[in-house]
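The values are calculated or read from the model by the stated rules, or taken from the named source; none is laboratory data. Everything numeric in this text was worked out from a predicted model, so none of it was measured. When we count neighbours, we look across all protein chains shown, and the Cβ atoms used for this are built from the backbone with ideal geometry, even at glycine. Quick note on the areas: whole protein, heavy atoms, side chains included, nothing else; ligands and nucleic acids left out. Shrake-Rupley method; radii C 1.70, N 1.55, O 1.52, S 1.80 Å.
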Amino acid sequence: MDRSSLSRSRRFAPAVALAAAAALTLAGCSSSSGGKKSEESADGASAGKATTPRMTIALVTHQSPGDTFWDIVRKGAQAAAAKDNVKLVYSADPSAANQANLVQNAIDQKVDGIAITLAKPDALKDVVAKAKKAGIPVVGLNSGVSEWQKLGLMEFFGQDETVAGEALGKRLNEEGAKSAVCVIQEQGNIGLTQRCDGVKKTFTGKLQTLNVNGTDMPSVKSTITAKLSQDKSIDYVVALGAPFALTATQSVTDAGSKAKVATFDLNKDLTGAISKGTIQFAVDQQPYLQGYLAIDSLWLYKNNGNYMGGGEQPVLTGPAFVDKSNVETVAQYAAKGTR
Amino acid sequence: MGMTQHAEPAVTTPPAPGPSKVKDGRTSERPLALRLLARPDVGVFLGAVAVWVFFLIAAPPVREGSAMANILYQSSTIGIMALPVALLMIGGEFDLSAGVAVITSALTASMFAFQLTLNVWAGIFVALLVSLAIGFLNGWLVVKTGLPSFLITLGTFLILQGVNLAVTKLVTGNVATDDISNMDGFDQAKKVFANSFEVAGVQIKITIVYWLVFAALATWVLLRTKYGNWIFAVGGNKDSARAVGVPVNFTKISLFMLVGFAAWFVGMHNLFSFNTVQSGEGVGQELIYISAAVIGGCLLTGGAGSAIGPVFGAFMFGMVQQGIVYANWNPDWFKAFLGVMLLGAVMINLWVSRTATRR
């Protein structure tokens, strides 16, 4: 039997081929446009460094892996931590029970402050109480604008998803839209549902919702195409995330529809689409600001006893509209992945 | 009984007869129609037709050519992956990493070309090597350890999911890749992997053509080549296959690499249709590919199945998923509808083959 020698030669073949390929490609097929070379070297915002004693802050979110939005929140938190001489401990889990465990983990580490998102407030109630008992200040960000005070959090930074949806609905009225479809990329996500509900509240036209499979872009594309050809009266597609808005523009073309596209949240490709006019506008809740303020507020509290929002009102970071009129300013920061 | 074979027109038959043409005296007594129905791919064919007719009635827009093109496009991106997944399943193995492997390939091609500012074809080529290597690793681990492929590929599924995210973040500083649409070779690659052309005023996506060509190729390999026999043999009984001289390890490893190849192909389609790739995509897709293969008549235990069955299985997925939207049903029920329709189709499939095999 020569099975072993067969599998051995097969094992080395890819490695040899890879090396050959690397040599070959590096030798002579550079791209003359685009690519890393054309990308400007960009530094994040920096404002010197505080001389206050080193402190540790935990940021515990309900991020699911690989989400562009949460990446920006984290970058904001890191920028504040670098400035404030803070050691940032970041952890995340979309499951509420696991998120509660991560908060407990932070308490056990005896951190100096905790910032959390309240996607499922009830699951975090007990662990927040434990943190307070241990004398650790807790602030909230992003989700839980109606719950943070009930749980006894010190401050809150974020946008009310319903309020953001309402703002988008009003904007649709101004744009003269008659029939819109709200595209939900994750069935059952409360924040996404609240956005669509918000739009429904203020939009005077007809609003439908559409569920798509967010982990498979070709599927997202065909489903939006299907919806646009099923209902030809739709004149606005409202996406709830930047990558899905970009895909929606392709569906509009495929379906031969005249619908325009608007979205929640930003990324750098999306700012390009806004300046080209393929996407009309985006509602930005400024995730960088949420991460930044959450960390900075805990530093201020520890070093100067300050409360942002006076401990009574949430600090709103959105909704801010990005459209053709202001996209150029925002685009330079989006290119760095911080807007 | 007294019925004759030529009573049934042969045009309804899918291309190939079963692996064995030897009559054992019992089946020759049964009419052709029943013998055809006993084949799993005929059952799924009828299931697919039933679903199609159902939506033709329930959803008027489905009657238009452009809607059919859209449904077939959705089916094709599932179907191209369902084919090698089905062959692998016939060969007695299982690949849970197939969904995220598609994204791994797309991320590799995009980042390699972008970071080194190379022609995108360099990235495409490297991604192919990476995808084949992942397939090889899966297969090699399975044959070397003898552990169930469920466990091995569950491991690689988790590894790839983590690597997709961590490496993308490390390399690009973000969790999605950079836009490569203005780089050299992009337009050319888009023509190969993500083109569309017009037939009678309807835009047809090129993946549909690839899907059908790959399906024909897989059918031919499975039924007309020695390699096809090996696949059935290693899936049926590994030890007896080895005893009669079938290269079991080679067959299994190559099947995993075939899944790698398809993952590369679909990954390239994703990259060149959408210009950027998010690192968190692809999770859950493996179950859709496996479902399409199982609905298409591939047994989870290996040794039986076809390449044409998964074509109808994938079609059924595309048809149901888009049909629900064309029918304008309440979107909250979307997943439930999908599940009910698929269960229904599988039941028809099962009922047809049971009725047909009962004497």
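When the residues of the range B:41-74 are filtered to those that are open to solvent by less than 50 Å² (accessible area, probe 1.4 Å) and within 14 Å of B:Val346 (Cα to Cα), the one that is farthest from the chain's Cα centre (by Cα) is B:Ala50. Of the helices (runs of 4 or more DSSP H) lying entirely inside the range A:216-277, not one carries at least 3 residues that are closer than 15 Å to A:Phe69 by Cβ and within 7 Å of another protein chain (Cβ to nearest Cβ).
Scanning the range B:283-300 finds no residues that are at pLDDT 85 or above, crowded, with 24+ Cβ neighbours inside 10 Å, of a type in the set (Ser, Thr, Tyr) and not in a helix (DSSP H, G or I). Tally time: how many residues in the range A:163-192 are modelled with pLDDT of 90 or more and either among the hydroxyl-bearing types (Ser, Thr, Tyr) or at positive phi (or both)? So the count comes out to 2.
The set of residues in the range A:298-339 that are over 20 Å from A:Ala80 (Cα atoms), open to solvent by 50 Å² or more (accessible area, probe 1.4 Å) and part of a strand (DSSP E or B) contains only A:Phe321.
Of all the listed residues (A:Ser64, A:Ser91), the sole one being surrounded by fewer than 21 Cβ atoms within 10 Å (Cβ to Cβ), out of contact with any Gly (no Cβ under 6 Å at 6 or more places or on another chain) and part of a strand (DSSP E or B) is A:Ser91.
Residue count for the range A:267-286 under the criterion of being open to solvent by 10 Å² or more (accessible area, probe 1.4 Å) and in contact (Cβ under 8 Å) with a residue 40 or more places away in the chain: the result is 7. Residues of the range B:304-323 that are over 14 Å from B:Val62 (Cα atoms) and of a type in the set (S, T, N, Q): B:Ser306 alone.
B:Val202 falls short of the stated requirement of being at pLDDT below 95 and within 8 Å of chain A (Cβ to nearest Cβ).
Within the range B:292-314, restricting attention to residues that are under 12 Å from the mean Cα position of the chain (by Cα) and either within 13 Å of chain A (Cβ to nearest Cβ) or among the aliphatic types (A, V, I, L, M) (or both), the residue that is nearest to B:Phe55 (Cα to Cα) is B:Ala314. Pairs linking a residue in the range B:235-252 that is within 19 Å of B:Gly305 (Cα to Cα) to a residue that is assigned to a helix (DSSP H, G or I) and open to solvent by 60 Å² or more (accessible area, probe 1.4 Å), with Cβ atoms under 6 Å and 6 or more positions apart or on different chains, are B:Val248/B:Lys238; B:Val248/B:Arg242.
Only one of the numbered conditions (1) within 25 Å of the chain's Cα centre (by Cα); (2) closer than 18 Å to B:Gln321 by Cα; (3) surrounded by fewer than 24 Cβ atoms within 10 Å (Cβ to Cβ); (4) among the acidic types (Asp, Glu) is not met by A:Asp216, and that is (3). Would it be correct to say that B:Thr168 is surrounded by 14 or more Cβ atoms within 10 Å (Cβ to Cβ), part of a helix (DSSP H, G or I) and more than 13 Å from every other protein chain (Cβ to nearest Cβ)? It is false that B:Thr168 is surrounded by 14 or more Cβ atoms within 10 Å (Cβ to Cβ), part of a helix (DSSP H, G or I) and more than 13 Å from every other protein chain (Cβ to nearest Cβ). Can B:Ile290 be described as out of contact with any Phe, Trp or Tyr (no Cβ under 9 Å at 6 or more places or on another chain) and of a type outside the set (Gly, Ala, Ser)? No. May I ask you to say which residue of B:Ala127, B:Ala109, B:Ala122 is assigned to a helix (DSSP H, G or I) and at the interface with chain A (Cβ under 9 Å from one of its Cβ atoms)? The match here is B:Ala122. Of the helices (runs of 4 or more DSSP H) contained entirely in the range B:177-262, those carrying at least 2 residues that are buried (at least 19 other Cβ atoms within 10 Å of the Cβ) and either under 22 Å from the mean Cα position of the chain (by Cα) or hydrophobic (A, V, I, L, M, F, W, C) (or both) fall at B:186-193, B:206-224, B:226-236.
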